[in-house]
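One structure is given below, encoded as structure tokens.
The values are calculated or read from the model by the stated rules, or taken from the named source; none is laboratory data. Fair warning: this is a prediction, and the values are worked out from it, not measured in the lab. Every residue, glycine among them, receives a Cβ derived from its backbone with ideal geometry; neighbour counts consider all protein chains shown. Accessible surface areas use protein heavy atoms only, side chains included; no ligands, DNA or RNA. Shrake-Rupley method; radii C 1.70, N 1.55, O 1.52, S 1.80 Å.
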Amino acid sequence: MMKPLLGTIVAGAAGALILACAGGTSDTSSPIRPPGAPSRTLTTATVGDVGDGVPNEGEIEVCKYGTSGTFRVTIGATQSDFPIAASTCKVVAVDKSTNETATSVTVAELTSPVYTLQSVERERIDNEVGTTIDDIGPLTPVTDGVAVPVNAYHGDLFVYHNQAVAVPVCDFITFGRLVASLNGQKVVISGNIGGNQPGGGILSEFHVVANGIDNHVADVATYGAINSGPLSGLTNSRISTGIAKNGVAVEVRMWDGGEPGKGTDIVYVKLNGVEILGPNGQYLDQGNMQYHANCRGPG
């Protein structure tokens, strides 16, 4: 039996509090770790710390997968926003009080045009009545924006999964004979990506020549901003994908880092899902790319 959380809500300057029994009125002054008893999983973190990916009493932690995102945390009348990078966790609320109250915390992801919410799961940890053994989990699907209590005996872990959405952009990049090295051999990339074809479609075409094979993408499937993964943190970085004439699935990511191109511009390539220039791309050995902020073709 877990420590009961009574439904009475108390409004105060510190925010909405939910009455919570921490083992009954007789043990409110008991130490969190009684002598000779197993340790309870009480957080040592403060708000804003990197999380450990597991539920801990005394904290609310959020883990983010798929894309980066921003979360609004509401405690009473106070709201705080927390940006959380993809594949990381962050502690967003802490209450280690033992005075039979629990802070009510609401976590909700802010909407964005660059991702859609796929799922939210919640994993609780609670201290059981009359013992120091913790009751944990399991991960359970919940709706976004659910309010949960937290104090020295109760905590929550939220796990969010998002799907990136291609952001339409009206700009383009031109490039000629970009050269990088792969196992001592040249990878040569040339063409252009971005722009609108009359009547619809993307006004793009490019070649990726690797290991003597020309992967020629004449019909580009996608072009847009990079929401996550390699080069996603660079302003005006762009991604384009398509199927080459030889049947190879090609993905290129580019960033114009300024002149002269060599040592400033970065290119990243996948062929049939395999990275060929490292996990973060490479600076150019030769060539130059030019990012054009204006729209090419019909606006």
Just checking, does the stretch 216-226 include any residue being among the hydroxyl-bearing types (Ser, Thr, Tyr) and either in contact (Cβ under 8 Å) with a residue 24 or more places away in the chain or crowded, with 21+ Cβ neighbours inside 10 Å (or both)? yes
List the number of the failed condition for CYS170; all other conditions in (1) part of a loop (DSSP other than H, G, I, E, B); (2) surrounded by 19 or more Cβ atoms within 10 Å (Cβ to Cβ) hold. (2)
Condition check for ASN127: more than 17 Å from TYR160 (Cα to Cα) and open to solvent by less than 30 Å² (accessible area, probe 1.4 Å): yes
Looking only at the stretch 61-120, how many residues end up being hydroxyl-bearing (Ser, Thr, Tyr) and over 21 Å from the mean Cα position of the chain (by Cα)? 6
In the stretch 81-109, which residues are within 14 Å of VAL146 (Cα to Cα), of a type outside the set (S, T, N, Q) and at pLDDT below 95? none
Report the residue count in the stretch 101-151 for those that are in a loop (DSSP other than H, G, I, E, B), touching a residue at least 60 places away in the same chain (Cβ under 8 Å) and in contact with a strand residue (DSSP E or B) (Cβ under 6 Å, 6 or more places away or on another chain). 1
With respect to ASP81, is the statement that it is over 28 Å from GLY233 (Cβ atoms), open to solvent by 20 Å² or more (accessible area, probe 1.4 Å), among the acidic types (Asp, Glu) and without any contact (Cβ under 8 Å) to a residue 60 or more places away in the chain true? no
Verdict on LEU157 being part of a strand (DSSP E or B), at pLDDT 90 or above, open to solvent by 50 Å² or more (accessible area, probe 1.4 Å) and not β-branched (Val, Ile, Thr): no
Within the stretch 179-235, which residues are part of a loop (DSSP other than H, G, I, E, B) and over 24 Å from THR264 (Cβ atoms)? GLN197, PRO198, GLY199, GLY200, GLY201, LEU203, ASN211, GLY212, ALA218, ASP219
If I filter the stretch 127-135 for residues that are under 25 Å from the mean Cα position of the chain (by Cα) and among the polar types (S, T, N, Q), do I get at least one hit? no
Counting only residues that are polar (S, T, N, Q) and surrounded by 17 or more Cβ atoms within 10 Å (Cβ to Cβ), which one in the stretch 248-299 is farthest from VAL187 (Cα to Cα)? ASN288
Quick check on my filter: what residues within the stretch 61-71 are out of contact with any Leu (no Cβ under 6 Å at 6 or more places or on another chain) and open to solvent by 40 Å² or more (accessible area, probe 1.4 Å)? TYR65, GLY66, SER68
If ALA37 satisfies every condition in (1) open to solvent by 50 Å² or more (accessible area, probe 1.4 Å); (2) at pLDDT below 95; (3) among the hydrophobic types (A, V, I, L, M, F, W, C) but one, which is the exception? (1)
Taking the conditions exactly as written (outside any strand (DSSP E or B), modelled with pLDDT of 95 or more and on the phi < 0 side of the Ramachandran plot), does VAL47 satisfy them or not? yes
Could you tell me whether any residue of the stretch 189-204 is among the polar types (S, T, N, Q), surrounded by 14 or more Cβ atoms within 10 Å (Cβ to Cβ) and either over 16 Å from HIS292 (Cα atoms) or over 31 Å from the mean Cα position of the chain (by Cα) (or both)? yes
